[in-house]
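The values are calculated or read from the model by the stated rules, or taken from the named source; none is laboratory data. Bear in mind that the values here come from a model prediction, so they are computed numbers and not experimental data. Virtual Cβ from ideal backbone geometry, glycine too; neighbours counted across all protein chains shown. Just the protein is used for accessible areas: all its heavy atoms, side chains included, with ligands, DNA and RNA removed. Shrake-Rupley method; radii C 1.70, N 1.55, O 1.52, S 1.80 Å.
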Amino acid sequence: MFLGNATSAMNLYASLFEDSEVLDVKYYGAEQKELAGRVLQIRFRLSYQTFRCTIPPAPHEFDFTPSFSIFNACDNEAQQISLFQTLAANGKIMIPLDNYASVQDSPRSDRFSVSWQLNLLWFAMLKPS
């Protein structure tokens with residue numbers, strides 16, 4: 001549940017990942033006069049993952065928690081750094097980008113308070129000799 005900025009978040013995310021698309025958008029109906037025509041829900045796909053964003057009718061005190069994150073396995077270091085820089089803008093870096101055990105990773109939350117793990121799988125980059 002976003003606090004009214006699901007459309008902006010979806011547009012940013014779709015611009016960052018190839019093979020992304022908006023699958024459908026639902027709007028509040030006329031029966032909810034104050035909300036009629038406003039976005040209720042957006043379903044979209046980022047590469048192989050499908051997401052549903054909901055905009056609740058009333059404000060709430062809670063936000064996204066870092067216990068949930070979107071995991072993305074990056075194809076290469078350049079992609080990881082580019083995603084890191086874009087998502088970190090006006091967001092919060094929780095752990096710096098670095099090598100952790102067998103992976104290079106950096107949990108962060110973006111400007112919409114959504115947590116991301118941009119993972120560079122070193123073993124996936126190794127080619128058999």
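The residues of segment 16-100 expose on average 67 square angstrom of accessible surface per residue, using a 1.4 Å probe on protein heavy atoms. In a reduced charge model with +1 at each Lys and Arg Cβ and -1 at each Asp and Glu Cβ, segment 1-44 shows a dipole moment near 240 debye about its Cα centre.
Largest first, the three principal axis extents of the alpha carbons in segment 3-65 are 37, 27, 15 Å in whole numbers. Once the Cα-Cα distance is subtracted from the 0.36 nm per residue extended length, the Q85 to I70 segment shows a gain of 3.8 nm. For segment 13-77, the dipole from Cβ point charges (+1 on Lys and Arg, -1 on Asp and Glu) about the Cα centre works out to 360 debye, to the nearest 20.
Carbon-plus-sulfur accessible fraction, segment 19-62 (probe radius 1.4 Å, protein heavy atoms only): 51%.
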